[in-house]
Every structure is written in structure tokens, then in C-alpha cells.
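The values are calculated or read from the model by the stated rules, or taken from the named source; none is laboratory data. Because the structure is a prediction, the values reported are computed rather than measured. For neighbour counting, all protein chains shown are included, and Cβ atoms are generated from backbone atoms with ideal geometry for every residue, glycine included. Heavy atoms of the whole protein, side chains included, go into the accessibility calculation; ligands, DNA and RNA do not. Shrake-Rupley method; radii C 1.70, N 1.55, O 1.52, S 1.80 Å.
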Amino acid sequence: MSESLDKLFSPTRIKRDADALATWGCDWTRSFPVAPSAVVFPETIEEVQALVVLANAEGLQLVPSGGRTGLSGGAVASHGEVVVSFDRMNRIIGFAPADRLVTCQAGVVTQTLQEFAERQGYFYPVDFASSGSSQLGGNIATNAGGIRVIRYGMTRNWIAGLTVVTGTGEILDCNQGLVKNATGYDLRHLFIGSEGTLGFIVEADVRLTRIPEPQRVMVLGFEEFRGILKVLSHFQSRIELSAFEFFSELALQKVTAHRKLQRPLAKSSPFYALLEFDASAVADASAAFEHTLGEGWVTDGVLSQSDAQAASLWQLREGISESLAPCSPYKNDLSVRITEMPEFLDVVDELMRASYPDFELVWYGHIGDGNLHLNILKPDDLSIEEFYGRCREINPRLFELVQERRGSISAEHGVGLLKKEFLEYSRSPAELEIMRALKSVLDPNGIMNPGKLL
Ligand code: 2HG
Ligand code: ZN
């Protein structure tokens, strides 16, 4: 089988050395075994198709690989799979101003797309801390969210057309970049968020929007968790928010130490929120701040006075995940409806305090989207296996709280390997059966990203 791969890919486009296998065989998770048999670098859709045909004929298993910034093990190859990297399919192929569409290969880096859009006088609004290395194909495969979902929605909202190679080797041109298309099932949306289990995303027509006004950033301090949601409602009823993020004092301590940043407020508070909005809304935002201060919901606040200050305030939120990485955190990525959020925060807090009195808990997330990232930090004296084992033990109780509120056990990071055994807490038996049936149609031999999601 290895010989056939060599016929398809020239020596510069196939790697089998230990370093390459370790690099391309995993994502940002560190707890799963990494053991691919080879890494290949296709350059065309036809090559991807030929690879899928070969894999079906010879029983190879394929793991799609983008910027490898995933947090759920969705791009980890643990069992001798062939990793299919999109690093060489990284071109922006076309731009149609009247359609506001940019056509990209799957390996285009998010930031490259953002910068391209800006050069054309437009804006690609999906953004996250990993924009500098995450690739569009991976963003689509996980329906990535990030920091401006409250205003612009998830990756799904921006994908007008999608070219995929299915697990049977068919090339599908889904929705062709159309605005209106009432011709039955929209297969594009089946592939968005499919985590590479149905086929390869090879090309996409991405919608752009107008460049927003200059933005201002406010960071507020809170005595109580619940106050954050009151403030969210108050601001949202008065101004359009581009972001509403939150983090705890412990998260702030970790990120300021890691990135050597200034604390935002003179006085420390147990919790903070970061708000972003159009510069033209500053007067309304300031009035909203005064009101929330008067109500006692917030303790203090700061408003950015320059773009540089706004950027450094953003670092306080965007650098958190990176600053926790040395502590091998166990990650939770939960979501419930905003209306459920205040009570949900309380019950999760109670469960966590009772379950992990000796573990450090770092609370942060896109609270304006109902999305909570709760990272549990590994104490130095526990092995990673023991620590993850203890974290997994509590998952059923935590996920029951999510299920009772019809929430999601994975808001934006995907299921991958990390949350797979718990999927039933978010998807019903009937849904899971349909998902398996779809998988068997599009990937009957199970060659696509085996062992992930389902
Ligand atoms: C973020 O919002 C990312 O910073 C990462 O989604 C969250 O590491 C995490 O748990
Ligand atoms: Zn996030």
C-alpha cells in the first residue's frame, strides 16, 4: 500500500520521518497517542480524489489536517492512518466583488483570508486567537466560532459554496456560491461541522462583509458571576456588541504572568468582562456603564483610548488558552441558551467546587454566546492519565446539567476524540442513528477520519 502512495505523491510531497509524523499527526491536544504511517501533501482536487479512490481500494485510513490548532483531537492520527495535509492547497483562487465572494483552497490560513479581504476593502469577521495558523478547511470542518460570534455568527454563516471530495471519491460542488437556491437538501451544511468524517473540504466560496467602524473595548470588573449576565442584557438592549467575553481573576493572573501584561483595573475583582463595540456607540456604552455601576452590578471599568490599548486589552482574553497550556488543562466547551446561562453558571460552579476542591478552575469564555470554556488545571503531583481520568469521571454529572438545559457539550471546539464518548448528552438516539446512516452513505468503508465524532 505504501508503494501506491508513492506513485501518487512525489518524494517531496510524502513524509515518513519521525519528526514529520509527530508534527502533522496531531493538533493542540497532547493526551492522545500520535502514530500516523505517512503524511501526504496534495496540490489539487484531483489528487485528493485519487487518494480517496486508492484508500478505498487498499483499506487506507485518512485523517484531514489543516492548521492543527484543534482542541478536541479531531486531527490526531493514532492508528497508522495517512495524514492528508492541506498546507500546499493554500491559494486564494478568485474574488468576485459584486458577489462579495472569495474562493479559497482549504489550506488558506484564516489570517491570510482576513488580510486579503481587507486589501479588497471588505471584512472576513470570523476570528480567534489561532487565526495566524488555523486553516479555512479546518474552520469549516469544525464550524469554528471565536470572539465575534455575538455579532457575526459562526463559520457556517460565511460559507456560500463548498467543494468536497466525499469518502467515496465523488466531487460535490455544493451551493455554488449562490444566495438563493431552493433545490432540496443543502449538503453544504452537512459537511460544515462534520469534522472530516464524511469527506474532504477542498475549496470554499467565502462571503465577505463591509469593514466595520473602528472598535472600542471596555473591560469591566464584577463581584458576582450573575452580574455579568445582567450587564450583557443591559448593554445589548442599548448598543450592538461585537464581542462580549468573560474571564475570572485566576485567568487574568495566568495571562498577565504569561504575556507580561498590565492588569486592566486598579482594583481586582473575581470576574471580568471584555466588551467591544463601534466607536460611534461610545456615548451610549458609557451611559450603560454608569447605569450598571449604579446598580452595583460592576465594580469598575476601563474604556480603550487608542487602538493600541484596545489590542492590549484583547490580549487579556485571547492569550488565556495559550497561558494555560503548560498546565495540561482538561477543557470544557459548554453552551446553553443565554436565558439559561445565569442559573447554569451557578449549578456548574457548585458542582465544580464540590468535585474539585483541590484543582485550579479557570473560568472564561464567549459568555455573550452562552459559551463557557472551563479549564481544569493539572496539579504537578498528578500524572496526565490520572488527572484526565479524574476529570472524565465528573463529566456525566456535568453533562447531565447541560442536557437538562438542552445545551451542547461542545459549543465550538468539536467532538473529535475528546468528547466522543459523551455525544449522547447532546444528540438523541434518533439523531445519532441518522448521523451514522449518513456516514455510511458518504463514507461506506470508514476511511475518513476514523474514530472521530461517532
Ligand atoms: C478561546 O476561546 C478558545 O480562547 C480556546 O476557544 C479555549 O482553550 C480553551 O479552552
Ligand atoms: Zn473559544
When both residues are 6+ apart or on different chains and their Cβ atoms are under 6 Å apart, which pairs have a first residue that lies in segment 125-153 and is under 13 Å from THR112 (Cα atoms) and free of Cβ contacts under 8 Å to residues at least 24 places away in the same chain, and a second that is assigned to a helix (DSSP H, G or I) and open to solvent by 30 Å² or more (accessible area, probe 1.4 Å)?
SER131/GLN111; GLY132/GLN111
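Please enumerate the residues belonging to segment 22-44 that are open to solvent by 30 Å² or more (accessible area, probe 1.4 Å) and under 21 Å from SER134 (Cα atoms). Even if it seems obvious, please write down each step before you answer.
Step one: of segment 22-44, the residues open to solvent by 30 Å² or more (accessible area, probe 1.4 Å) are 22-24, 28, 30-35, 37, 43-44.
Of everything in segment 22-44, those that are open to solvent by 30 Å² or more (accessible area, probe 1.4 Å) and under 21 Å from SER134 (Cα atoms) turn out to be ALA22, THR23, TRP24, TRP28, ARG30, SER31, PHE32, VAL34, GLU43, THR44.
Of all helices (runs of 4 or more DSSP H) completely enclosed by segment 1-70, which ones contain at least 3 residues that are among the β-branched types (Val, Ile, Thr)?
Numbers: elements: 2-8, 18-24, 45-58.
Counting at least 3 such residues, we get 45-58.
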Can you pull out every residue in segment 271-305 that is under 10 Å from PHE222 (Cα atoms) and either of a type in the set (Ser, Thr, Tyr) or at pLDDT below 95 (or both)?
TYR272, THR299
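For residues that are surrounded by 13 or more Cβ atoms within 10 Å (Cβ to Cβ) and under 24 Å from the mean Cα position of the chain (by Cα), scanning just segment 430-446, find the one that is nearest to VAL48 (Cα to Cα). Write out each step before concluding.
Quick first cut of segment 430-446, residues surrounded by 13 or more Cβ atoms within 10 Å (Cβ to Cβ) only: 432, 435, 438-439, 442-443, 445-446.
In the following step, the residues that additionally are under 24 Å from the mean Cα position of the chain (by Cα) were identified as 432, 435, 438-439.
On the way: LEU432: 28, MET435: 24, LEU438: 21, LYS439: 19 Å.
Among residues in segment 430-446 that are surrounded by 13 or more Cβ atoms within 10 Å (Cβ to Cβ) and under 24 Å from the mean Cα position of the chain (by Cα), the one nearest to VAL48 (Cα to Cα) is LYS439.
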Go through (1) modelled with pLDDT of 95 or more; (2) closer than 30 Å to TYR425 by Cβ; (3) away from ligand 2 (no atom under 16 Å from the Cβ) and name the single condition ALA243 misses.
(3)
Reported set for segment 401-424 where residues are within 29 Å of ASP127 (Cβ to Cβ) and open to solvent by 40 Å² or more (accessible area, probe 1.4 Å) is ARG406, HIS413, LEU417, LYS420
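Against the definition (over 21 Å from GLY146 (Cβ atoms), within 15 Å of ligand 1 (Cβ to nearest atom), at pLDDT 95 or above and buried (at least 20 other Cβ atoms within 10 Å of the Cβ)), how does LEU398 come out, yes or no?
On the way: over 21 Å from GLY146 (Cβ atoms): yes; within 15 Å of ligand 1 (Cβ to nearest atom): yes; at pLDDT 95 or above: yes; buried (at least 20 other Cβ atoms within 10 Å of the Cβ): yes.
Here the answer is yes, as LEU398 does meet what is asked.
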Looking for whichever is open to solvent by less than 50 Å² (accessible area, probe 1.4 Å), farther than 29 Å from SER410 by Cα and among the aliphatic types (A, V, I, L, M) here; the options are ALA75, ALA96. Which one fits?
ALA96
For the structure I just gave you, tell me whether ARG392 is within 15 Å of ligand 1 (Cβ to nearest atom) and among the basic types (Lys, Arg).
no
Which numbered condition in (1) open to solvent by less than 10 Å² (accessible area, probe 1.4 Å); (2) away from ligand 1 (no atom under 16 Å from the Cβ) is the only one that ASN90 fails?
(1)
Within segment 275-312, work out how many residues are polar (S, T, N, Q), in contact with a Lys or Arg (Cβ under 8 Å, 6 or more places away or on another chain) and closer than 20 Å to SER237 by Cβ.
1
Is segment 129-137 home to any residue that is surrounded by fewer than 23 Cβ atoms within 10 Å (Cβ to Cβ) and at pLDDT below 95?
yes
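Mind checking whether some residue in segment 343-366 is in a loop (DSSP other than H, G, I, E, B), within 15 Å of LEU229 (Cα to Cα) and away from ligand 1 (no atom under 13 Å from the Cβ)? Spell out the reasoning first.
Of all residues in segment 343-366, those in a loop (DSSP other than H, G, I, E, B) come to 356-359.
When the remaining residues are screened for being within 15 Å of LEU229 (Cα to Cα), the result is none.
Among the residues of segment 343-366, not one is in a loop (DSSP other than H, G, I, E, B), within 15 Å of LEU229 (Cα to Cα) and away from ligand 1 (no atom under 13 Å from the Cβ), which makes the answer no.
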Can you run down the residue pairs with Cβ atoms below 7 Å, 6 or more apart or on separate chains, where the first is in segment 12-31 and among the polar types (S, T, N, Q) and the partner is open to solvent by 40 Å² or more (accessible area, probe 1.4 Å)?
SER31/ILE384
May I ask you to list the residues in segment 139-151 that are open to solvent by 30 Å² or more (accessible area, probe 1.4 Å) and either modelled with pLDDT under 95 or away from ligand 2 (no atom under 13 Å from the Cβ) (or both)?
ARG151
One residue is enough: does segment 181-193 have a residue meeting the conditions open to solvent by less than 10 Å² (accessible area, probe 1.4 Å) and either out of contact with any helix residue (DSSP H, G or I) (no Cβ under 7 Å at 6 or more places or on another chain) or more than 16 Å from ligand 1 (Cβ to nearest atom) (or both)?
yes
Could you tell me whether ILE159 is of a type outside the set (Phe, Trp, Tyr) and surrounded by 23 or more Cβ atoms within 10 Å (Cβ to Cβ)?
yes
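So, in segment 1-38, how many residues would count as being of a type in the set (A, V, I, L, M) and more than 30 Å from SER323 (Cα to Cα)? If you could, list the steps in order and put the result at the bottom.
First, the residues of segment 1-38 that are of a type in the set (A, V, I, L, M): 1, 5, 8, 14, 18, 20-22, 34-35, 38.
From what's left, more than 30 Å from SER323 (Cα to Cα): 1, 5, 8, 14, 38.
Within segment 1-38, residues that are of a type in the set (A, V, I, L, M) and more than 30 Å from SER323 (Cα to Cα) number 5.
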